[in-house]
Amino acid sequence: MTTRTPPLTEQLKRGLDAPICLTWELTYACNLDCLHCLSASGRRDPNELSTEECLAVIDELNRLQVFYVNIGGGEPMIRRDFHTIVDHAIANHVGVKFSTNGTFLDKEAAKRFASMDMLDIQISLDGFDAGTNDALRGEGSWAAARQAMDNLAAADFGEFKISIVATRHNVSQLDDYKKMADDYGAQLRLTRLRPSGRGVDSYQDLRLSHQQQRDVYHWIMDRPDVLTGDSFFHLNALGESLPGLNMCGAGRIVCLIDPVGDVYACPFVIHDEFKAGNVRDAGGFTGVWQNSERFLELREPESGGACASCGSFDACGGGCMASKFFTGLPLDGPDPDCVWGHADDALAAVDGSAIPRMTSDHSKPGARTDASVPVLLTTKRP
Amino acid sequence: MSSLASDQAWTLSSSIGLRPEPFGALAYHFESRRLVFLKTKDLVDLVRSLADHPTLDDALDAAGLDGRRRTSHLTALASLADAGVIELRSPIPAEATP
Ligand code: SF4
Ligand code: SF4
């Protein structure tokens, strides 16, 4: 059965006066070096927005009635002014949801957060057990995340979120994860792995198999209380649509402000090709969002390309632009994870040297690379 | 979905941020963190006018909504009530009735 795209989605694709979902990476600095880091973080950028500039961005978001902002990094809690920025946002009616690896979320921070309104916390954990998680996120990262969760629970924070990127190695653990979240009184958030940042190198080793994708689709369908950030809509080709808007919102309803103020179409396309401007430009963030040529282009009607003749196009929309871009596929063709395998031949034919590299890499020198992936993961596969 | 008490006084909830958009408006519930789309401008105007009328029926009358349009707006309002976008206005304390 094909579902007709509701007119609302069509309107959203033409863009709004302000984003609905805005991600703001506060810093490229991070104490970890996860193999699939979407922003290829590690080192702080010396050109990072100052405290004053961050507060001014918040004032602008307030004027634009951006109701909440997803703060990430890097590890955002590394910034010394992290609390100043969060407090200013909340005082100005911009709700905050921030993602953290948990390392700096000690008992004191947990207590402070528990006393605040309009604040959501999302802790990243990419394996149910330390072996699976640490192979991806680094030694000790599982323990740090669990400690942070314990601290939030002890401080009576309420419903925080446990955020998992679905990989080949952890999808068999979803039921365990769900139970962990339930035991904490937390909400589970499961999102799709995209080949962005350092994920360009680790994607082939971490991406789900076709069968695993099908299993995930049914698992999510059966659990409407699990959040997905609307990230699995390419799986809608398998049947009934998942809850959510089910569209690529890049530059239309979604965007990213990076630590140096560059504005990109979405957090998964940190590349010059999708850079629309900088919040330091004369018109500020508002000018970039409303007038940048790059964003106006993205709001033009798209052609379905090779997907147009596919019976599932209305449901799947051809998938995720970032995933196509960073695997070297045409943007108007099938997603690399197309459930019917319609990208498999094209993927096999892509010349590796033609795959775009990210234009803003902040990995630490000597950060683990793709070469270490098979070694680490094959020894610890669940 | 609950059916609405249209003979009661309603209002836009104070927990809601309403952002005008080309299609209507985006409503954000700051407590439940739910995002709701108001898909027409008529609906947005109606929601904003609720607080000015003693009952929902009066608000619908004032907006000139009758027949099928009245029914469809009532359906939309019912789902807005479920999402906490609109709520019953706290009743003005009345004289004790015998
Ligand atoms: S061919 Fe394109 S539209 Fe069809 S299922 Fe694959 S990605 Fe989706
Ligand atoms: S490019 Fe992919 S990740 Fe970014 S908004 Fe579109 S679908 Fe989502």
**Request:** Please state, rounded to one decimal and in Å, the Kirkwood hydrodynamic radius that region A:1-75 gives when every pair of distinct Cα atoms enters the mean of 1/r.
**Result:** 15.1
**Asked** At the nearest 100 Å², what buried accessible area, both sides summed, do you get for B and A when the probe is 1.4 Å?
**Response** 1400
**Request:** Taking only the C-alpha atoms, wrap a convex hull around chain B and report its volume per residue in Å³ as a whole number.
**Result:** 116
**Request:** Report the extension gain between A:ASP129 and A:GLU273 in nm, rounded to one decimal, defined as 0.36 nm multiplied by the number of residues separating them, less their alpha carbon distance.
**Result:** 48.0 nm
**Item:** Against the rule of thumb 2.2 N^0.38 Å, how large the Cα Rg of chain A comes out
**Value:** 0.94
**Request:** Determine the calculated [θ] at 222 nm for chain B from helices alone, applying -39500 (n - 2.57) to every DSSP H run no shorter than 4 residues and normalising by the residue count; nearest 500 deg cm²/dmol.
**Result:** -10000 deg cm²/dmol
**Structure-based [θ]222 nm, chain A - -39500 (n - 2.57) summed over DSSP H runs of at least 4, per residue, nearest 500** = -9500 deg cm²/dmol
**Prompt:** Any idea what diffusion coefficient region A:208-353 gets from Stokes-Einstein, in µm²/s, Kirkwood Rh on alpha carbon pairs, 25 °C, 0.890 mPa s?
**Reply:** 149
**Asked** Counting alpha carbon pairs within less than 8 Å and at least 6 residues apart, what relative contact order, in whole percent, applies to chain A?
**Response** 21
**Rounded FRET efficiency, nearest 0.05, which uses the C-beta distance separating A:GLU10 from A:LYS179 and R0 of 56 Å** = 0.90
**Request:** Would you mind counting up the charge near A:MET118? Only other residues with Cβ under 9 Å from its Cβ, with Lys and Arg at +1 and Asp and Glu at -1.
**Result:** -2
**Message:** Compute the distance from the alpha-carbon center of region A:101-159 to that of region A:70-94, in whole Å.
**Reply:** 16
**Asked** What's the FRET efficiency of A:THR359 with A:ASP17 using the Cβ-Cβ distance as r and R₀ = 30 Å, to the nearest 0.05?
**Response** 0.60
**Asked** Nearest 0.05, what FRET efficiency do A:SER172 and B:ASP58 give at R0 = 51 Å with Cβ-Cβ as r?
**Response** 0.30
**Asked** What is the Cα centroid distance between region B:30-73 and region A:188-247, reported in whole angstrom?
**Response** 36
**Prompt:** When the chain is fully extended, how far beyond the present Cα-Cα distance does B:SER14 get from B:ASP45, taking 0.36 nm per residue of separation?
**Reply:** 9.5 nm
**Request:** Please average, across the residues of B:18-24, the number of beta carbons from any other chain that are within 10 Å of each residue's own beta carbon, and give a whole number.
**Result:** 5
**Item:** Surface share of carbon and sulfur [accessible, 1.4 angstrom probe, percent] for region A:174-313
**Value:** 48
**Item:** Listed residue (A:SER41, A:HIS83, A:ALA346) projecting farthest to the positive dipole end of the protein assembly as shown, Cβ model
**Value:** A:ALA346
**Prompt:** Accessible area of A:PHE268, 1.4 Å probe, to the nearest 10 Å²?
**Reply:** 50
**Request:** Within chain A, what's the longest run with no GluC sites (Glu not before Pro) in a DSSP loop and at most 12 other beta-carbon atoms within 10 Å? Give the range, please.
**Result:** A:241-382
**Prompt:** Under a plain spin-label model, where a point goes 7 Å from the Cα along Cα-to-Cβ, how far apart in nm are A:GLU293 and B:ALA83?
**Reply:** 3.7
**Complete:** Neighbours of A:VAL260 by Cβ distance under 9 Å: Lys/Arg at +1, Asp/Glu at -1, summed charge -3
**Prompt:** Roughly how many Å² of A:ARG112 are accessible to a 1.4 Å probe, to the nearest 10?
**Reply:** 100
**Asked** What net charge do the residues around A:HIS83 carry, taking every other residue with its C-beta under 12 Å from that of A:HIS83, with Lys and Arg at +1 and Asp and Glu at -1?
**Response** 0
**Asked** What do you reckon, how do A:TRP219, A:TRP142, A:TRP24 stack up by accessible area (1.4 Å probe), largest on top?
**Response** A:TRP142, A:TRP219, A:TRP24
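The values are calculated or read from the model by the stated rules, or taken from the named source; none is laboratory data. The structure presented is a predicted model; accordingly, all values stated were derived computationally and were not measured. Ideal geometry is used to build each Cβ from the backbone, glycine not excepted, and the neighbour counts take in all protein chains shown. For the accessible areas, the whole protein counts, side chains as well, though only heavy atoms, and no ligand, DNA or RNA atoms are used. Shrake-Rupley method; radii C 1.70, N 1.55, O 1.52, S 1.80 Å.
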